[in-house]
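Undergrad: Input: one structure, supplied below.
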2 protein chains.
Amino acid sequence: MFGLYYAPGTCALATHLALEEAGARYEAVPVDFGSQAQRSSEYLAINAKGRVSRAGDGKRHTHRNSRLLLFVAQRLPKAELAPLSDPFALAQLQEFNSYLCSTVHVAHAHKGRGYRWANDETSFADMKSKVPQTMAACFSLIERDMIKGPWVMGETYTVCDPYLYTIATWLEGDGVDVSALPKVMAHRQRMLERPAVQKVLAEESLNS
Amino acid sequence: MFGLYYAPGTCALATHLALEEAGARYEAVPVDFGSQAQRSSEYLAINAKGRVSRAGDGKRHTHRNSRLLLFVAQRLPKAELAPLSDPFALAQLQEFNSYLCSTVHVAHAHKGRGYRWANDETSFADMKSKVPQTMAACFSLIERDMIKGPWVMGETYTVCDPYLYTIATWLEGDGVDVSALPKVMAHRQRMLERPAVQKVLAEESLNS
């Protein structure tokens, strides 16, 4: 039995989707990010970084998204959400998810979380104004070099797909011209056809 | 034979240290980051992201630091720089290195690379002024919760150690009070006692 704490509408969606896709037995508990509940002492006791997600199986837990996704794939190997027996392919998968985590999500975070890296309102506005450009640059690279198609890693659906999907749903809100990203948009549409995706989106929507 | 392109004094040091520690046959090629050579068309052809490092074995290559380090550990298993046969321990190692890559290095980057996320000089100055605080917060968490000792993962030296060392050498320059970080500083000292570290530091120093 897995437990997932998640803030609706955040990158925690990626792990939520992966758990559902893997057919895991899990309990998903919404955390009210808007009211800063993730900064409460109760929540910090289970997630010292105060970030939007945390998952585990009772004995072990983790919170970084690229790691959460690998954890799900490793603990539920029958779902075949990662090429666990091919170290190089697995490393490619992790490189993609690390790019999303370290560069793309960080670029996006400058829109609404500038206070992490600066103090003045003018800086926050400046950072926010640059997000369309930085996110477009990241997604140009993804579009051109990274999506093998039809899924991120090629013929097989992996834990890269829910993570890409999750961040790609932010593009319009980030002011990116999605018409320049046909592969990314086709991937997003393809994701919506999966029953697991439909089910999780409905559930997060009810709790948002 | 591995090839490593590196900018002296950057996080590429971590991979340089790991290659040396693993007893790899490798060629380390300095790239002049100051003159923006990493943005030259020649370099971008081998590293589309234009970042400070890139390594490979002729057939395959990668450039994200957390990934480079795992790549070295996997390709040189006899050096035992990662618990390759224990998926959970390996995942813990990757979580640590991902934290350095996605959060700590990103915090540091706001000192000198604010132009990645904003446009105005005033924003760059604001971001820079906050670095002592963000880096101190990251390293408090590392000091309190992450270093098992004597090495990051406990009794065994792994690819977490050169990465932590590399970023920890930036602390004074980032304005962090290192007296509050006794474990981190003891780790830094312990690293300096390793012949591989001494050799690589001397080489990078000659090329900086």
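Undergrad: Somewhere in region A:165-176, is a residue of a type in the set (S, T, N, Q) and within 29 Å of B:Ser66 (Cβ to Cβ)? Please lay out each step first, then the result.
TA: Pass one, region A:165-176, residues of a type in the set (S, T, N, Q): A:166, A:169.
Right, trim to within 29 Å of B:Ser66 (Cβ to Cβ) and you get A:166, A:169.
Scanning region A:165-176, I find at least one residue that is of a type in the set (S, T, N, Q) and within 29 Å of B:Ser66 (Cβ to Cβ), so the answer is yes.
Undergrad: Let me ask you something else. Spot the failing condition for B:Lys128; the list is (1) touching a strand residue (DSSP E or B) at 6+ places or on another chain (Cβ under 8 Å); (2) open to solvent by 30 Å² or more (accessible area, probe 1.4 Å); (3) assigned to a helix (DSSP H, G or I); (4) at pLDDT 95 or above, and only one is missed.
TA: It fails just one condition, (1).
Undergrad: Now a separate question. Among (1) farther than 24 Å from A:Arg67 by Cβ; (2) away from chain B (no Cβ under 14 Å), there is one condition A:Lys128 misses while meeting the rest; what is its number?
TA: Tallying (1) farther than 24 Å from A:Arg67 by Cβ; (2) away from chain B (no Cβ under 14 Å), A:Lys128 fails exactly one: (2).
Undergrad: Continuing with the same structure: Are there helices (runs of 4 or more DSSP H) fully within region B:137-206 with at least 1 residues that are in contact with a strand residue (DSSP E or B) (Cβ under 6 Å, 6 or more places away or on another chain), open to solvent by less than 40 Å² (accessible area, probe 1.4 Å) and modelled with pLDDT of 95 or more? List them.
TA: Numbers: elements: B:160-168, B:182-192, B:195-206.
Helices (runs of 4 or more DSSP H) meeting the threshold: B:160-168.
Undergrad: Of the conditions (1) modelled with pLDDT under 85; (2) away from chain A (no Cβ under 14 Å); (3) open to solvent by less than 50 Å² (accessible area, probe 1.4 Å); (4) not in a helix (DSSP H, G or I), B:Lys49 satisfies every one except a single condition; which number is it?
TA: (2)
Undergrad: Looking at (1) open to solvent by 10 Å² or more (accessible area, probe 1.4 Å); (2) farther than 24 Å from B:Ala12 by Cβ; (3) without any contact (Cβ under 8 Å) to a residue 24 or more places away in the chain, which is the only condition B:Ser123 fails?
TA: (1)
Undergrad: Where the second residue is surrounded by 15 or more Cβ atoms within 10 Å (Cβ to Cβ) and the first is within 15 Å of B:Glu21 (Cβ to Cβ) and lies in region B:182-194, which pairs have Cβ atoms under 6 Å and are six or more apart or on separate chains?
TA: Hits for this filter: B:Met191/B:Tyr165; B:Met191/B:Val197.
Undergrad: Which condition number does A:Thr122 fail, the rest of (1) over 20 Å from the mean Cα position of the chain (by Cα); (2) modelled with pLDDT under 95 being met?
TA: (2)
Undergrad: For region B:78-120, how many residues meet the condition of being assigned to a helix (DSSP H, G or I), more than 10 Å from chain A (Cβ to nearest Cβ) and surrounded by fewer than 19 Cβ atoms within 10 Å (Cβ to Cβ)?
TA: 4
Undergrad: Among the residues of region B:64-76, how many are of a type outside the set (S, T, N, Q), facing chain A (nearest Cβ under 10 Å) and open to solvent by 20 Å² or more (accessible area, probe 1.4 Å)?
TA: Total satisfying the criteria: 2.
The values are calculated or read from the model by the stated rules, or taken from the named source; none is laboratory data. Everything numeric in this text was worked out from a predicted model, so none of it was measured. Backbone-built Cβ (ideal geometry, glycine too); neighbour counts: all protein chains shown. Note: areas computed on protein heavy atoms with side chains; ligands, DNA, RNA excluded. Shrake-Rupley method; radii C 1.70, N 1.55, O 1.52, S 1.80 Å.
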